[in-house]
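The values are calculated or read from the model by the stated rules, or taken from the named source; none is laboratory data. Since the model is a prediction, treat every value here as computed from it, not as a measurement. Note: ideal-geometry Cβ built from the backbone for every residue, glycine included; neighbour counts use all protein chains shown. Each accessible area value is taken on the protein alone, full model and side chains, heavy atoms only, with ligands, DNA and RNA left out. Shrake-Rupley method; radii C 1.70, N 1.55, O 1.52, S 1.80 Å.
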Amino acid sequence: NDEADGEEDIKISTQRLVRFRLCPTDTCSMESAAGCSSGYGDYIIGMDEYLEAYFEAVEQLQEYNCEYEKDYGDCACDGENQGDDFDEEICEYDCYMAKGMEYCVDKNP
């Protein structure tokens, strides 16, 4: 490919692309590999851009889930009705780990 510098030379390049489909929520199906059969939009973007957006969305969802669980769920370790040896960090750690939300924990207290 480095030697292909003339107009008649064949030039080959590699692009890593991702194709994905956005379906209307009322027609989306987990049973179909296509997801839906009408009213959808197909998109093609670079793999790097797709992966960056995907992992950012996962991180935002995990942050939301951790905050929600801490504020409103079983992991609301506010210390009320607890003994003198109550430790909020240990309470939160144990709760998150029991729920499989280890991504909410920075370290083991």
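Any residue at all in the range 56-64 that's part of a loop (DSSP other than H, G, I, E, B) and hydroxyl-bearing (Ser, Thr, Tyr)? No, every residue in the range 56-64 fails to be part of a loop (DSSP other than H, G, I, E, B) and hydroxyl-bearing (Ser, Thr, Tyr).
So in the range 35-55, with the set limited to residues that are part of a helix (DSSP H, G or I) and touching a Lys or Arg at 6+ places or on another chain (Cβ under 9 Å), which one is least open to solvent (accessible area, probe 1.4 Å)? This residue is MET47.
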